[in-house]
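*Asks:* Dropping a structure here in structure tokens format, bear with me for questions.
The values are calculated or read from the model by the stated rules, or taken from the named source; none is laboratory data. Every value quoted in this text rests on a predicted model; they were computed, and no experiment measured them. Here the Cβ positions follow ideal geometry from the backbone for every residue, glycine too, while neighbour counts run over all protein chains shown. Heavy atoms of the whole protein, side chains included, go into the accessibility calculation; ligands, DNA and RNA do not. Shrake-Rupley method; radii C 1.70, N 1.55, O 1.52, S 1.80 Å.
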Amino acid sequence: MSKIKGAIVVDEARCKGCNLCVVACPTHTLALTTNEVNHKGYPFCRDVAGACIGCASCAIVCPDACITVYKKKLD
């Protein structure tokens, strides 16, 4: 049986740092930046743990649709 791993792509320019994705992530993969902001002056979310399982909870709760989740099959 193949194992699935997720990959997250965040549109950092559109992210407004609402933190909803960080709270929704069951594996605590996402976090807001603490010392960087985007061109609008907001901190943005990033994949910090690399433990994404591809559940897409973060993308579902994102009000600005800034997150795309991909699933990769591991052999």
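*Asks:* So what is the relative contact order of the chain, in percent, for Cα pairs below 8 Å that sit 6 or more residues apart?
*Replies:* Normalised by residue count, the contact order of the chain is 46 percent.
*Asks:* Residues with beta-carbon under 12 Å from that of Lys73, excluding Lys73: net charge, scoring Lys, Arg +1 and Asp, Glu -1?
*Replies:* +3
*Asks:* Can you tell me which lysines have their Cα less than 21 Å from the Cα of Lys3? Leave out same-chain residues fewer than eight positions away.
*Replies:* Straight-distance partners of Lys3: Lys71, Lys72, Lys73.
*Asks:* At R0 = 35 Å, how high is the FRET efficiency between Val37 and Asp75 if r is their beta carbon distance? Nearest 0.05 is fine.
*Replies:* Result of the calculation: an efficiency of 0.35.
*Asks:* Counting only other residues whose beta carbon sits under 12 Å from that of Thr29, what net charge do I get with K and R as +1, D and E as -1?
*Replies:* +1
*Asks:* Follow-up. Taking all protein chains as present, what is the carbon and sulfur share of the accessible area of the chain, in % to the nearest whole number, probe 1.4 Å?
*Replies:* That fraction is 55 percent.
*Asks:* Right, something else. All other residues with a Cβ under 12 Å from the Cβ of Glu12 taken together, and with Lys, Arg as +1 and Asp, Glu as -1, what is their net charge?
*Replies:* Every neighbour counted, the sum reads 0.
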